[in-house]
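Written below as structure tokens is the structure these notes are about.
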Amino acid sequence: MLKLTNPKRSQEEMVGFALIIILVAIILLIFLGFSLNKQPKESLESREVESFLDATLSYTTECRDERNFEFLPIRKLIIDCSQGLLCHNGKNTCEVLEEDLKKITKKSWDLTRYKGYEMKLMILNETLIPIIKEGNLTGNSKGYLEEVDEIEIIFRAYY
């Protein structure tokens, strides 16, 4: 039969090894906790919002100019709306503007990917048309401001 010369020393080594394993496990748990606690990477870029607004302002509407009968882009429709002008068919430019902006934003900003959006058209701190918004307006958002003449177009997407 094999006899250990110093059984106490073996027990001390086993306890030391167990303490090292426990210490490493605690450090790994702390590291894992910090890495899971970090804010998720932003899924929305400012240039996405800027590009959307630029494309929207270039969108051609069904509203024709009373003077030369050409179809108006949203950029020109905003100006006509601020001046109270009508489309060639007698429709109010502000109504056409609001309808088209609602349609464009609804199709462009999928609320399964984003939480919500909001668009304001402001002239002298007053809204030109009712604020277009849908979804949950959370604390995380990206926005962009574009000016057309003296009208501010503010679009904010929430994620």
Residue in region 107-159 that is most open to solvent (accessible area, probe 1.4 Å), counting only those that are of a type in the set (S, T, N, Q) and more than 15 Å from the chain's Cα centre (by Cα): N125
Qualifying residue in region 48-68 (condition: free of Cβ contacts under 8 Å to residues at least 12 places away in the same chain, over 23 Å from E134 (Cα atoms), touching a Cys at 6+ places or on another chain (Cβ under 9 Å) and surrounded by fewer than 17 Cβ atoms within 10 Å (Cβ to Cβ)): no
Filter result for G84 (without any contact (Cβ under 8 Å) to a residue 24 or more places away in the chain, on the phi > 0 side of the Ramachandran plot and not β-branched (V, I, T)): yes
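The values are calculated or read from the model by the stated rules, or taken from the named source; none is laboratory data. Keep in mind it's a predicted model, so treat the numbers as computed, not measured. Note that each Cβ is placed from the backbone with ideal geometry, even for glycine, and that neighbours are counted across all protein chains shown. The accessibility values were calculated without ligands, DNA or RNA, using every heavy atom of the protein model including side chains. Shrake-Rupley method; radii C 1.70, N 1.55, O 1.52, S 1.80 Å.
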